[in-house]
Amino acid sequence: MTVRLFAVIFILLTSAAQAADKVKIGFMTTMSGPAAGIGTDIHDGFNLALKMSAGKLGGLPAEVLLADDQQNPDVGKQAADKFLKRDHVDFVTGIVFSNVLLAVAPAVFESKTFMISANAGPSMLAGAQCSPWFFSVAWQNEGITEAAGKYVSEKGFKNVFLLAPNYPAGKDMTTGFKRFYKGGVADELYPRLGQLDFSAELAQIRASHPDAVFFFLPGGMGINFIKQFSAAGLAKQTTLITTAFSADEDIIPAVGQPMVEGTGRKELFDHVRGHRVFALAPARAPARPGGERQRGAQARVLE
């Protein structure tokens, strides 16, 4: 994804007759709270790729201004206001969560500033709210879980419980899953984004007797849910199924043994290329493991 990000920025810069002597990037991402690892990965990948391109984008020196949106749309809007009105950035990128992106987008588009999504892919911006100032170099939210829904059907599951946070990406994820899943839905719940106690949801799962639970719970939400699911003994009754969003390089080691107790991870990404790029630049690579979001952010710069 990072390679694609840099490629899009390069094309947009070289296709415009700019007299500027540098390009300014407003890099807004989630650097604190339970999902901080996601934003850190995207930022690390972007920085590594920028180092590998000698600090330039489209042949111009790049100035990167960092803001922590704290996974809060209001904080994101304030950061965007600063980027646009005081810093006069050329691009806004790095946003992790769809609710933050959707809150920030109107002001960015109105100012005719390019927004390049490094992670969030809300369905709204792929349809009626699509803008010529918006480019997604990550994924469309529903696409990942469409594949998961097809996978679950092919595995013969007939009664699946759905669990995702109550925000745009959570709704997109379950919509995509249901689009290609052919069985029945035992129930679907949408806890608050950032919720860490799932006792009520686990009680409803137990009462529903599903043969599988499909969930999308990013960052710390996923860590806590899987641990609590295992501690409740539900791994003996049903199968957990998720995508890499809830089974990444942070979540798997943080959860530990419960991760393999009934969890079916449907991996949907090709890591080979990203691993190769990190291996080529070990001295400049970030200290954190090269997760898929790091490699994706790096790919957006280098391709």
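The values are calculated or read from the model by the stated rules, or taken from the named source; none is laboratory data. These numbers come from a predicted model, not from an experiment. Cβ atoms come from the backbone with ideal geometry, glycine included; neighbour counts cover every protein chain shown.
The set of residues in segment 179-215 that are part of a helix (DSSP H, G or I) and within 18 Å of residue 235 (Cα to Cα) comprises 199, 200, 201, 202, 203, 204, 205, 206, 207, 208. Sub-8 Å Cβ pairs linking a first residue in segment 225-247 that is touching a residue at least 40 places away in the same chain (Cβ under 8 Å) and in a helix (DSSP H, G or I) to a second residue that is acidic (Asp, Glu) and surrounded by fewer than 24 Cβ atoms within 10 Å (Cβ to Cβ), at least 6 apart or interchain, are 225/201; 244/267; 244/292, ordered by first then second residue. Annotation note: Cβ proximity below 6 Å between a residue of segment 95-113 that is assigned to a loop (DSSP other than H, G, I, E, B) and a residue that is surrounded by fewer than 21 Cβ atoms within 10 Å (Cβ to Cβ) (sequence gap 6+ or interchain) occurs for 111/84. Residue 34 fulfils the conditions (1) over 28 Å from residue 123 (Cα atoms); (2) at pLDDT below 95 except for a single criterion, (1).
Can you tell me which residue within segment 79-114, out of those that are within 20 Å of residue 139 (Cβ to Cβ) and aromatic (Phe, Trp, Tyr), is surrounded by the most Cβ atoms within 10 Å (Cβ to Cβ)? The selected residue is 97.
Results for (1) over 23 Å from residue 40 (Cα atoms); (2) surrounded by 21 or more Cβ atoms within 10 Å (Cβ to Cβ); (3) of a type in the set (Val, Ile, Thr), shown as yes or no for each residue.
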{"residue": "192", "(1), (2), (3)": "no, no, no"}
{"residue": "203", "(1), (2), (3)": "yes, no, no"}
{"residue": "218", "(1), (2), (3)": "no, yes, no"}
{"residue": "229", "(1), (2), (3)": "yes, yes, no"}
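Applying a threshold of 9 Å to beta carbon distances and a minimum spacing of six or more residues, or different chains, the list of pairs starting in segment 146-158 at a residue that is at positive phi and ending at one that is of a type in the set (Asp, Glu) and surrounded by 16 or more Cβ atoms within 10 Å (Cβ to Cβ) reads 156/211.
Just to verify a result, which residue in segment 59-78, among those that are buried (at least 20 other Cβ atoms within 10 Å of the Cβ) and either within 24 Å of residue 21 (Cα to Cα) or in contact with a His (Cβ under 7 Å, 6 or more places away or on another chain) (or both), is modelled with the highest pLDDT? This residue is 67. When 83, 46 are checked against the criterion of being over 19 Å from residue 169 (Cα atoms), touching a helix residue (DSSP H, G or I) at 6+ places or on another chain (Cβ under 8 Å), of a type in the set (Phe, Trp, Tyr) and modelled with pLDDT of 90 or more, a single residue qualifies: 46.
Going by what's in this entry, would residue 153 be described as among the polar types (S, T, N, Q) and in the same structural domain as residue 46 (by TED's automatic domain parsing)? Outline the logic, then answer.
Numbers: among the polar types (S, T, N, Q): yes; in the same structural domain as residue 46 (by TED's automatic domain parsing): no.
No.
For segment 172-194, the count of residues that are out of contact with any helix residue (DSSP H, G or I) (no Cβ under 6 Å at 6 or more places or on another chain), over 25 Å from residue 96 (Cα atoms) and without any contact (Cβ under 8 Å) to a residue 12 or more places away in the chain is zero.
May I ask you to list the residues in segment 24-47 that are of a type in the set (S, T, N, Q) and surrounded by 24 or more Cβ atoms within 10 Å (Cβ to Cβ)?
We begin by selecting, within segment 24-47, every residue of a type in the set (S, T, N, Q); these are 29-30, 32, 40, 47.
Selection gives 29, 30.
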